[in-house]
Structures are given as structure tokens and as C-alpha cells.
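What follows is one structure encoded as C-alpha cells, with my remarks underneath.
None of the figures in this text is laboratory data; all of them are computed from the coordinates on show. Being a predicted model, the structure only gives us computed values, none of them experimental. Virtual Cβ from ideal backbone geometry, glycine too; neighbours counted across all protein chains shown.
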Amino acid sequence: MGIGTYLVLASVLFGFGAAGFLARRNMLIQLMSIELMLNSVNVLLLAFNRVNPSNHDGQVFAFFVIAVAAAEAALGLAILIAYYRIKKTLDTDDATLLKY
Amino acid sequence: MTGPGITLFVVTATFAIIGALITISARRPLRAAMGLLVNIVSLAGMFLTLNAHLLAALQILVYAGAIVVLFVFVIMLLGPSAEVAPAEGRLASRTLSIASTIIVVLAVSSSVAYFNPPWEAVPDGFGTVEGLGMAIYRQALVPFEVISITLLIAIIGAIAVARSRTE
């Protein structure tokens, strides 16, 4: 078993996140799907860093991905609350304020 | 890779996939958040097999401790209306999106599955607090400061967006 197994697992998890983001309409679950995708990219970065362990570049990148994911979750949930105040629902099919 | 590493990898990979499936298929958002929690904790265990000890701890602290708790707070704030009725219609676009995702994942997985470089010996301090901390402060000091300003702006922006009166 080599690093390829980690890469396959990361791409499968990314696929779950992408499918959840595209197919679900609940805004909360779409935000969680974004977190799934960011997490799978972290697995990829760490696996490639383990291939070449003479430096820490991949782990430094994963560290920054975690920090940006925290900022993204805070802002996304703030936007979700503002959206809920206007529409009284989390259904993204009703998000038509900028459409017409 | 040694035997215990393979065992830990198989267990954590199974739980990560189960958690991801719960997250994207659960009807209730609280169950989806619990699936996300399972996924995150098992990925933190998997980081241990890749010699990323500090990042495993950070994954638990930041994702499980902050982000999932934030999701749960928002679900509690919204109450029953956090749930959205199941989709009616739009079957073609949903099927198409899932099918295209599966095709892309199969293409990527089949092209990377046999990438098997030999496992190199890990140098002392790889992925520990000292090793990764020194790497961050030597190579990425400016991005580290920029990320602190980014988090500060995100906090201010979240307050400004969530407080705005819109009715």
C-alpha cells in the first residue's frame, strides 16, 4: 500500500463534498460540503509532504488551509443568518434576490 | 509503512467515508453536523499515519472544536426551520451533477491510484510542534501574519453581516 491509496481516498472525499454541494439545497449542508472538500485537500497535501519529508511545505500549506477554512465558515454562517432573516428559509432555490 | 499504520489507515478511512456520506445525505442538519464531526475526527487520526502530529491536534481543535460547534450553534439558533423540505423536480440537473462528479472522481482516482514512490525514512522532528513551528516561522512568517489579519477581518465582517437589519 502506497501513497496512491491516500490520493484515491482524498479524491473520493472531494467527490462526496462536490456532489453534496451540487445536489443538496439546504444552505447549511452545502457549507458542510465545502468543509468536506477543504478537508480532503488537506489529506492530499499531507500525503505528498510524506513522499518528500525533507521539508515541511505541504504541512505549512495545510496549516493555512485550516486557518482559511475557519474564516470561511464564520463568514458563510453569517451570510446564512442574514439570508434567513430575509427569506425565512434556508432553501437555496429561493435565493433569487440578485436574479431578476 | 508498518502494520499498525495500515490498520489505522483502514479504520480511519472507513469512518471518514461513512461520516462524509452521512453529511451529504442526512435530512436533518444536526445529523449532518455529527457526520462532519465523525469525518473530521477520523481524518485527524489519519494525519497521524502521515507523521503530521501537530496538524492532527490542530484539526481536532479548529475543525471539531470551533467549526462544528459553530454549525451546531447556528442549527440551534434556527430551530426546526433549519430543515429544508426534500427537493421536488429538478431530477435531471441533480442526476447530471452527481453523475459528472462520479465520472471526474473515477478519472482522477484511476490516474493516481498507482503512484507508489517508496516510503522514505522520516527525519527527526518531522511534523512535530517544533519541526512544523520552525518551518512556519522560517519560510512563511509573512503569510502567517497575513492570516492573522485575515481572521480578524473575517470576525469583523461576520459581525457586520450577521447584525445588519434588513426588514
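The residues of the range A:2-61 that are more than 7 Å from chain B (Cβ to nearest Cβ), over 30 Å from residue A:87 (Cα atoms), in contact with a Ser or Thr (Cβ under 8 Å, 6 or more places away or on another chain) and not hydrophobic (A, V, I, L, M, F, W, C) amount to a single one, A:40. Screening B:66, B:57, B:99, B:121 for residues that are over 20 Å from the mean Cα position of the chain (by Cα) and either assigned to a helix (DSSP H, G or I) or crowded, with 17+ Cβ neighbours inside 10 Å (or both) leaves exactly one candidate, B:99. Inside the range B:18-62, residues that are touching a residue at least 12 places away in the same chain (Cβ under 8 Å) and over 22 Å from residue A:45 (Cβ atoms) make up a count of 10. Within the range A:35-48, is even one residue crowded, with 21+ Cβ neighbours inside 10 Å, free of Cβ contacts under 8 Å to residues at least 24 places away in the same chain and part of a loop (DSSP other than H, G, I, E, B)? No - not one qualifying residue is present in the range A:35-48.
Output the residues belonging to the range B:132-152 that are touching a residue at least 12 places away in the same chain (Cβ under 8 Å) and facing chain A (nearest Cβ under 7 Å).
Filtering the range B:132-152 for residues touching a residue at least 12 places away in the same chain (Cβ under 8 Å) gives B:132-133.
The answer is B:132, and nothing else.
Can you say whether residue B:107 is more than 8 Å from chain A (Cβ to nearest Cβ), loosely packed, with under 12 Cβ neighbours inside 10 Å and either aliphatic (A, V, I, L, M) or not in a helix (DSSP H, G or I) (or both), as far as the supplied structure shows? For residue B:107, the condition - more than 8 Å from chain A (Cβ to nearest Cβ), loosely packed, with under 12 Cβ neighbours inside 10 Å and either aliphatic (A, V, I, L, M) or not in a helix (DSSP H, G or I) (or both) - is met.
Remark: pairs (first residue in the range A:49-62, touching a residue at least 40 places away in the same chain (Cβ under 8 Å); second residue surrounded by 17 or more Cβ atoms within 10 Å (Cβ to Cβ); Cβ separation under 6 Å; 6+ apart in sequence or on different chains) = A:50/B:50; A:51/A:3.
Condition first: outside any helix (DSSP H, G or I) and polar (S, T, N, Q). Now tell me which residues in the range A:5-34 satisfy that. Quick ask: steps written out before the conclusion?
From the range A:5-34, those outside any helix (DSSP H, G or I) are A:24-26; that's our starting set.
Answer for the range A:5-34, where residues must be outside any helix (DSSP H, G or I) and polar (S, T, N, Q): just A:26.
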